Amino acid sequence: MQRPVFAANWKMHLGPSDARAYMASFAARWTPREDRTVIFFPADISVTSVVHALGSRTDLGIGVQNIWTEDKGAFTGETSAPMARDGGARYVLVGHSERRHVFGETDVQTAKKCAAAARNGLTPLLCVGELLSEREAGATNQVVLRQLRGGLAELTPSVVASMAIAYEPVWAIGTGRTATAADASAVHAEIRKFLGEQFPGAENIPVLYGGSVNAGNAKSLLAGDGIDGLLVGGASLDVEGWASICDT
């Protein structure tokens, strides 16, 4: 992935019709650039609409927001990695805070999802981050490294070296509160230290920041040491605003 990396997580927004209209507008607005990576994570039901809307625009990546741990089977309501790949996705978010704290996703499950992604040709973007109570207790690094260790447990160093990590402090997601660039850089440094020790050669993979990112703070966040990109939620739903962030 060429850095900086800009990842748009649409969450449960933009169905197929709205997704097609959004991508047509963005593709017309956005000139292909080789000096950065732009990825969209639409809802599953909108992935093929995004793929068709982009056509030959291979400069824009497409991912899914979640997959299940198995490749097929009786798992009503879930999407497998092979299905996501067949639908046109090439990336997948794993361990987003909403999956962890709303749906109860565990570190063991994130490990299995990362493994499922890797064996089926999807690039995982593993999300890690602490709750406000954990931060106030001085446990940020402990929580982040536990999630990192758990999520990468079933991967080889070569696989880890080809993926990405997103640090998203839970207390800053959708709250309007944002970690400072210095706050984020300190955690990113701990992540890289862990990767270098446990997965030699992977310490230089992209590490993104996510949490109430918008067009007004994107530049200052990206200026932080070791911040290789941004994982953006609500601010990515506006075409002009998202294009402005990606131009940072």
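The values are calculated or read from the model by the stated rules, or taken from the named source; none is laboratory data. Keep in mind that what you see is a predicted model, and the values were worked out from it rather than measured. Cβ: placed from backbone, ideal geometry, glycine included. Neighbour counts: every protein chain shown. Only protein heavy atoms, including side chains, enter the accessible area calculation; ligands, DNA and RNA are left aside. Shrake-Rupley method; radii C 1.70, N 1.55, O 1.52, S 1.80 Å.
Kindly provide the Kirkwood hydrodynamic radius of region 135-245 in Å, to one decimal, from all pairs of distinct alpha carbon atoms.
Radius from the Kirkwood sum: 14.5 Å.
Provide the per-residue ³J(HN,Hα) series for region 105-119, in order, calculated from phi with Karplus coefficients 6.51, -1.76, 1.60 and θ = phi - 60°, each as a whole number of Hz, with x at glycine and proline positions.
5, 9, 4, 4, 5, 4, 4, 5, 5, 4, 5, 4, 4, 4, 6
Taking amide H atoms as placed 1.01 Å from N in the peptide plane, list the residues 5 or more away in sequence, or in a different chain, whose amide H sits under 5 Å from that of Gly174.
Sorted by chain and number, the residues that satisfy this are Ser212.
Taking the chain as the region of interest, what is the percent of Cα-Cα pairs per 5 angstrom bin, listed from the shortest bin to the one with the maximum distance?
Whole-percent P(r) values from 0 Å outward: 1, 7, 15, 19, 21, 18, 12, 6, 1, 0.
Starting from 0.36 nm per residue, how many nanometres of slack lie between Ala223 and Arg36 once their C-alpha separation is accounted for?
65.8 nm
Distances longer than 23 Å among the Cα atoms of region 1-101: what percent of all pairs is that?
Details: 1276 of 5050 pairs.
Roughly 25 percent, once rounded to a whole number.
For Ala182 paired with Ala21, estimate the spin-label separation in nm (one decimal), with each label point 7 Å from Cα along the Cα-to-Cβ line.
4.5 nm
Using per-residue counts of other Cβ atoms within 10 Å, averaged over each peptide, order 88-97, 33-42 from highest down.
Numbers: 88-97: 24.4, 33-42: 19.0.
Averaged packing, sorted descending, gives the order 88-97, 33-42.
With n ≥ 4 as the cut-off for DSSP H runs, can you work out [θ] at 222 nm for the chain, using -39500 (n - 2.57) per run divided by the number of residues, rounded to the nearest 500?
Helices in the chain give a 222 nm mean residue ellipticity of -11500 deg cm²/dmol.
What's the center-to-center distance, using Cα atoms, between region 177-241 and region 133-148 in Å?
Answer, in whole Å: 17.
What aspartates and glutamates does Lys11 reach when the alpha-carbon gap must be under 17 Å and sequence neighbours fewer than 8 apart in one chain are set aside?
Result set, ordered by chain and number: Asp44, Glu78, Glu98, Glu105, Glu168, Asp238.
What ranking of Lys219, Lys193 comes out by heavy-atom accessible area, probe 1.4 Å, highest first? Intermediate results must be reported in sequence, preceding the final value.
On the way: Lys219 160, Lys193 115 Å².
The ranking, largest first, comes out as Lys219, Lys193.
Can you tell me which lysines have their Cα less than 26 Å from the Cα of Lys193? Leave out same-chain residues fewer than eight positions away.
Cα-Cα hits under 26 Å: Lys112, Lys113, Lys219.
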